[in-house]
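In what follows, a structure is listed as structure tokens, so that the remarks can point back to it.
The values are calculated or read from the model by the stated rules, or taken from the named source; none is laboratory data. As the structure is a prediction and not an experimental result, all values here were calculated from the model. For neighbour counting, all protein chains shown are included, and Cβ atoms are generated from backbone atoms with ideal geometry for every residue, glycine included.
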């Protein structure tokens, strides 16, 4: 068996070739096929410049010889093979490196600004170009998580969650470069490890070490909520620590047996939380009831949800990234396991504009770029960090970010990724 | 299946054929019967038909035709024979058929008479002069006759009146005496003729009786070894010469079948003839009276001599110079042989055996010292002795890989403790600091300099307070790290600042409770309990109010103190301590107190104030102890590399000893929720074991070692110093002499 009948097709109009079966060597690899396509395109269009392609056989990336791939996947070599090709994602290049004073615990970025939380008890705002814009100081302990709430024009609302059991809602004016603590959200009795804003920007949810999830209003007001204080506490002490107006939670969701490690909004009515009690739970925000429980076998460190493919990705302490279908009822159906990390997976993030790609960070110092169509191995290992990676993010504009215990925040950009965004 | 079906088909066909044949035969018979009715008229025809019949079966008996000779007469004979055979084949012979045969035979006889076949027959040369036959003639010795002739008349004996003298004279005078013989049949004397004498002489010489017979006539070789141009006979080769014989095959297959079924035994090994050739000195021994005795031991046998002992052994058995030198060097006990093989050309030259007395003496010693008793040895498969343990894979979860390393200490980390919430890890080191780590990120969030090598740290197990007891030098510090909810911090502060009732009790003067001030207070140190001696270990009660401290001092009365933090009281629970106290622990549920000394673990009832139990650890020096969260099981690690598991309901002896470590066990720990326990040793390894405890008293705990965790670097001969489990996850922390703390998940 030396030749195979193959038919090439692509979604991309730019690179369409004739829809006729070709006879190609069975031993050909990605590079050979790529050359074939380039030859065909050149024959069609003299001005074509060489493009590297990746090939999908029945929805899986070709990584070995075509014949061995088909053998492992159990595809008959008698028929004409349908091979889809896409432009290869080029290796993401590190763009900027932003030095912090201490470990970076969290990162949240949008198209213009990057918000990072750090172990030096501050949050920082950076421009995408890597310029330090603002240092948000106010917490009395490590900032564990940060989130953008809303951007209207020059003023933005942002959130920081800290080990000192509070969340702070800040208002930041980018023109005057002034930041002001609007609300101090009190109510958790453990360190607040995670915070997520709902898609409308009117509410946010926080998860804490005290096993609780709390829903808060994200709308800044000028009135402080009443806090029921225990009678015997001296009031004076409390006043001195006040920063911003006190805010109490709208709702408390309890049900986890262990610390909540990660929380996110699936849509404006549904919150999803991952915990150290080996479960991922879905909550209805309207009623405050738990809807679904996905049970794993290990502690979950992080979750991410992609509305494009409607999958949850979870990173856990057993080094695997697992993909879940959150719509299954009380099942623990793992759709796919991505295994390549050698340490705890501390952060995962789906690509906001690509339904197959996700990025993950781990305690083994590596950031990995995955494609779910190639589940055996990641697309790229981004080995920029010299210490543990704690957080990753991926913006709409195709910018990947990762921060960790080496005090550095790296941004990466992949050229093809940007093209995807444009397309 | 196919074959068998084919075979059955074949069988059916054969059956059909047979039936057809039978039918045919029956038809023929019927025809014959019909014919027989009119046989007399048609005998000739019948003959013809028979011949036809024989012709038709010629092919079957074609071999017979060949065997016949070429002559015309014989041919006829053959025909007859064939007819005979054909007839014999017919199954039912009718009377009329018989007639046919007899008629045929008559015909034969007629032919034979013509030929006179007895013409040359000399096979029975009967003496027909006397008809008595071949009988002993003495039967007739009393009768005057000697028999009867052919006509039935008596044959009278010849008158013999010769006596000895006549006989002698006859012998002397008669020249034919020597050729005169008596005919026994007739009793008369016969004088042999010359020809007869000559014949006798020839026969006596062993020559042919016939004078004319030339025994040396030239031989005409019919078959020679020389290859001839033409074949001797023009006969075509037999069919049997190139077709394997079915008969033989059948015979062989029958034999094979019989051998397989064991009906006949193949020939014995012909070499096994030793029984006949050699005399076995010991063969009859087993049948002796002694053998019937159950515990009888036969006398040891002398080994049979080999080539070495030969007076003229083959050269390879003789010693080379090196071998000889080696033999001389060796101790007489170690020598392979007690003699040097020597070679003599003949047995005559062999000298007297110098070691004879020696050898006999040794033989006597052998017999005298041989074992008298049979040791009963049960033949057990060693595999069966190993208990069937479940596979470690089935016992998950347990820690398997190193996940995080907590770096920051500069001295060896002697003790670690995890907060009851599972968020914080406290560690005490020889560098004089206590550090607080965030477990999930390995971040050191707080460092407290306590100014002395920390021997032990223990987190208060009560989740509503957040306190850490630290043992260093001769003091116990109570730290409030303020790493929890404000409420918890406040309640723990309240616990410490409880109203001081200055009531001096028995513990007074032994220890000094003091509040800290200034810098120490800022660091979180709240209380200092000054002890008279160096404190080695601290342990909290589950409720979090009582604290026990250990001051090992040999045979002192003051080795263990129990402090009540809320009332700032201390007491010495024991009037007397035996041995060096190594470790103490409170029972997790009941008011019991465990005290481990070097050799044993004592369990005291704190309410009744008496000794409940004493566990014997079977080890030289207990290093550490841990109590199962259920309270009914205790594990002890010892400096002689052993880990002993005690089941308190079972015995005071260890239920199980685990000797997996190669160096001293430093620390042991139980998991609070999972059925796991672990031991850490100086060889740098942590061994995690699965230990399920059953509520059923009849079921013993299931202990399976599941994982060896390595990671710590051995420094100054010290490996892992302390080990502890995470309160809620199946994770294990270990601190080592390499100044690191490691988390395995």
*residue A:287 being more than 14 Å from chain B (Cβ to nearest Cβ), at pLDDT below 85 and more than 20 Å from residue A:195 (Cβ to Cβ)*: no
*Considering only residues of the stretch A:173-195 that are crowded, with 24+ Cβ neighbours inside 10 Å and either at pLDDT below 85 or more than 14 Å from chain B (Cβ to nearest Cβ) (or both), which is farthest from residue A:263 (Cα to Cα)?*
A:183
*Does residue B:698 qualify as being in a loop (DSSP other than H, G, I, E, B), over 20 Å from residue B:629 (Cβ atoms) and out of contact with any helix residue (DSSP H, G or I) (no Cβ under 9 Å at 6 or more places or on another chain)?*
yes
*Can you pull out the residues in the stretch B:634-664 that are closer than 24 Å to residue B:536 by Cβ and outside any loop (DSSP other than H, G, I, E, B)?*
B:634, B:635, B:636, B:637, B:638, B:643, B:644, B:645, B:646
*Can we say residue B:354 is out of contact with any helix residue (DSSP H, G or I) (no Cβ under 7 Å at 6 or more places or on another chain), loosely packed, with under 10 Cβ neighbours inside 10 Å and under 30 Å from residue B:691 (Cβ atoms)?*
no
*asked:* Tell me which strands (runs of 3 or more DSSP E) are completely within the stretch B:433-479 and hold 1 or more residues being without any contact (Cβ under 8 Å) to a residue 24 or more places away in the chain and farther than 25 Å from residue B:564 by Cα, or say none if there are none.
replied: B:433-438, B:443-449
*Identify, from the list A:120, A:102, the residue that is touching a strand residue (DSSP E or B) at 6+ places or on another chain (Cβ under 6 Å), more than 30 Å from residue A:9 (Cβ to Cβ), within 14 Å of chain B (Cβ to nearest Cβ) and in contact (Cβ under 8 Å) with a residue 12 or more places away in the chain.*
A:102
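Would you tally the residues in the stretch B:310-327 being assigned to a helix (DSSP H, G or I) and surrounded by 10 or more Cβ atoms within 10 Å (Cβ to Cβ)?
Looking only at that region, the number is 6.
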*Being surrounded by fewer than 22 Cβ atoms within 10 Å (Cβ to Cβ) and within 14 Å of chain A (Cβ to nearest Cβ) is the filter here, so list the residues in the stretch B:454-480 that pass it.*
B:463, B:464
*Scan the stretch B:398-417 residue by residue and report those that are part of a loop (DSSP other than H, G, I, E, B) and facing another protein chain (nearest Cβ under 10 Å).*
B:400, B:401
*Selection from the stretch A:70-99 of residues that are in contact with a helix residue (DSSP H, G or I) (Cβ under 9 Å, 6 or more places away or on another chain), in contact (Cβ under 8 Å) with a residue 40 or more places away in the chain and surrounded by fewer than 14 Cβ atoms within 10 Å (Cβ to Cβ)*: A:93
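Can you give me the number of residues within the stretch B:329-348 that are out of contact with any helix residue (DSSP H, G or I) (no Cβ under 9 Å at 6 or more places or on another chain) and surrounded by fewer than 10 Cβ atoms within 10 Å (Cβ to Cβ)?
Going through the stretch B:329-348 one residue at a time, the tally reaches 9.
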*Output the number of residues of the stretch A:292-304 satisfying the condition of being crowded, with 22+ Cβ neighbours inside 10 Å and either in a strand (DSSP E or B) or away from chain B (no Cβ under 14 Å) (or both).*
6
_Residues located in the stretch B:712-732, provided they are away from chain A (no Cβ under 14 Å) and either assigned to a strand (DSSP E or B) or more than 47 Å from the chain's Cα centre (by Cα) (or both)_ = B:715, B:716, B:718, B:720, B:721, B:722, B:723, B:724, B:725
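Can you confirm whether residue A:348 is touching a strand residue (DSSP E or B) at 6+ places or on another chain (Cβ under 9 Å), away from chain B (no Cβ under 14 Å), crowded, with 16+ Cβ neighbours inside 10 Å and modelled with pLDDT of 90 or more? Steps first, please.
Numbers: touching a strand residue (DSSP E or B) at 6+ places or on another chain (Cβ under 9 Å): yes; away from chain B (no Cβ under 14 Å): yes; crowded, with 16+ Cβ neighbours inside 10 Å: yes; modelled with pLDDT of 90 or more: yes.
Answer is yes for this residue.
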_Among the residues listed as B:718, B:673, the single one being closer than 22 Å to residue A:317 by Cβ and out of contact with any strand residue (DSSP E or B) (no Cβ under 7 Å at 6 or more places or on another chain)_ = B:673
*Wholly within the stretch A:244-285, which strands (runs of 3 or more DSSP E) include no fewer than the required count, namely at least 2 residues that are touching a strand residue (DSSP E or B) at 6+ places or on another chain (Cβ under 9 Å) and under 20 Å from residue A:159 (Cα atoms)?*
A:245-247, A:251-254, A:260-267, A:270-275
*Looking at the stretch A:3-16, which of its residues are surrounded by fewer than 19 Cβ atoms within 10 Å (Cβ to Cβ) and in contact (Cβ under 8 Å) with a residue 12 or more places away in the chain?*
A:3, A:5, A:7, A:9, A:10, A:11, A:12
*What number of residues in the stretch A:383-398 are part of a strand (DSSP E or B) and either at pLDDT below 85 or within 14 Å of another protein chain (Cβ to nearest Cβ) (or both)?*
3
_Matching option when the condition is within 29 Å of residue B:701 (Cβ to Cβ), at pLDDT below 85 and either assigned to a strand (DSSP E or B) or in contact with a strand residue (DSSP E or B) (Cβ under 7 Å, 6 or more places away or on another chain) (or both), among B:389, B:425_ = B:389
*Since residue B:451 meets every condition but one in (1) crowded, with 23+ Cβ neighbours inside 10 Å; (2) out of contact with any helix residue (DSSP H, G or I) (no Cβ under 7 Å at 6 or more places or on another chain); (3) away from chain A (no Cβ under 14 Å); (4) more than 23 Å from residue B:623 (Cα to Cα), which condition does it not meet?*
(1)
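Would you mind stating whether residue B:420 is within 14 Å of chain A (Cβ to nearest Cβ), part of a loop (DSSP other than H, G, I, E, B) and in contact with a strand residue (DSSP E or B) (Cβ under 7 Å, 6 or more places away or on another chain)?
Taking the combined requirement at face value, the residue satisfies it.
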